[in-house]
Amino acid sequence: MKIGVLGAGQLGRMLALSAYPLGHQMRFLALSEEDPSSLLGKTFIHNNNPEMVSNFADSSDIVTYESENTDVTIVNEISKNTKVYPSDKSLYISQHRGREKALLDALKIPCAPYQIVNSLDDLKSAIKNIGIPSILKTATDGYDGKGQFLIKSEAQIDEAWEKMSGVDAILEGFINFKRELSLIAVRSIDGSLEFYPLVENSHHEGILRLTIAPAQNISVSLQNKAQEYMSSLLKEIKHVGVLTIELFESDDDLLVNEIAPRVHNSGHWTIEGAQTSQFENHIRAITESPLGQTTMTSKFSAMINIIGVHGPIQKVLKTKNAHLHLYNKAERTRRKLGHITLTSNSIDELNKTLDSLKEYLP
Ligand code: AMP
């Protein structure tokens, strides 16, 4: 099939790298010819040109997207003539924190206490209900910790509201979580589901730096609970493709923080660490093919993000059981340039290898 991706970043690139062995062709709606996927398929440069969007759609049998910040109106327009998976519903919900939380409430899935905030007065009354510390977040367009303000005292309320620059926002109670986890699953058009194991994620300055798969010391009941939340979300929105939920673990309970209707950075380890990667499973789902097994290829896996600078790449290439992925991006502060996957059957060996690559871990 001819698969079109809205966006051409590293996620589109890794989707392409998993789609080619299955015999598919790729198209990208890109911002520039320098985008990480742009040499991996026929590329249409967007430039806010509606004709380019329709040329892109006309040349695709099926369209998907790599970011929840994709313009819903473009997806609606394309879906008049071309199938788009996941649907505009998955996109519409996940690009607004308020809509996301309303869905979680409707499905009785726990999340942090929250209140929608559209003015300084709203913020003051939300603080009365939720208390301090709390986090004010823009309702849309936030990623990698951007658009957030941690309110630690009442003296910061005015400043926090000013930082939102008048956009819709949401105040969330601060959760004293033990760990941050995520769950990735895939749903096919016929409704079959596959789940990857819960993984543990470590962030620095709002950016994911390290994922450990599976998350250690997870009880069967906690994995099941996460899968139940995931199943009810997938079924409710009739999602097709990969869906990710980011979770806070606190005292053997789980709270959902965010939903991403796409392949996710915390699932990059699956390229070498699982029988079928999240990318391949997404491609299988949207092309109406059977899903692949999500079991791990070794007992443990880790994913280290390469952020800002490429670092000692030769050393990575010499490291046993390390797999390097570079995204063809120039170095820039806070930019995701690539990742390293480690696989091992021993947690001690995995930890030793992580230690030997500590230049990459803040
Ligand atoms: P987000 O953009 O919602 O994924 O938030 C970025 C990071 O901020 C998360 O990965 C957490 O480390 C932290 N964070 C977000 N929301 C909360 C919260 N309600 N309580 C505590 N920490 C949070």
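The values are calculated or read from the model by the stated rules, or taken from the named source; none is laboratory data. Note that the coordinates shown come from a computational prediction; the quantities given were computed from them, not determined experimentally. Note that we place each Cβ from the backbone using ideal geometry, even for glycine, and neighbour counts take in every protein chain shown. We work out accessible area using only protein heavy atoms, side chains counted, and drop any ligands, DNA or RNA first. Shrake-Rupley method; radii C 1.70, N 1.55, O 1.52, S 1.80 Å.
Points to keep in mind about this one:
- Taking the protein heavy atoms of the chain in the context of the full set of protein chains, the accessible area attributed to carbon and sulfur is 48 percent at 1.4 Å.
- Whole-angstrom Cα spans of region 113-173 along principal axes, big to small: 26, 20, 19
- Euclidean distance of C-alpha centroids, region 169-200 and region 1-80, integer Å: 25
- Peptides 25-33, 333-341 ordered by packing proxy, namely the average of other Cβ atoms within 10 Å per residue, highest first: 25-33, 333-341.
- Chymotrypsin sites (Phe, Trp or Tyr not before Pro) within region 77-180: DSSP coil, no more than 14 neighbouring Cβ in 10 Å: Tyr143
- Spatial separation of Cα centroids for region 239-285 and region 90-137, in angstrom: 23
- For the chain: accessible area per residue (Å², 1.4 Å): 44
- MRE, 222 nm, helices only [DSSP H, n ≥ 4, -39500 (n - 2.57), over the chain, to nearest 500]: -8500 deg cm²/dmol
- Selected from Asn224, Gly241, Asn305, residue furthest toward positive end of dipole (region 179-360; charges at beta carbon): Asn305
- Cα-Cα P(r), the chain, percent of pairs per 20 Å interval: 29, 60, 12
- DSSP-loop GluC sites (Glu not before Pro) across region 180-268, with at most 11 other Cβ within 10 angstrom: Glu205
- Length gained on full extension, Ala155 to Asn81, computed as 0.36 nm times the residue gap minus the Cα-Cα distance: 21.3 nm.
- Fully extending the segment from Asn176 to Ser125, taken as 0.36 nm per residue of separation minus the present Cα-Cα distance, adds 16.1 nm.
- Considering only alpha-carbon pairs that sit under 8 angstrom and 6 or more positions apart, the relative contact order computed for the chain is 14 percent.
- Nonlocal amide H pairs with Ser250, under 5 Å, H built at 1.01 Å: Lys178, Leu255
- Of Lys101/Lys336; Lys2/Lys318; Lys124/Lys146; Lys80/Lys101; Lys178/Lys336, those spanning more than 32 Å from alpha-carbon to alpha-carbon: Lys2/Lys318
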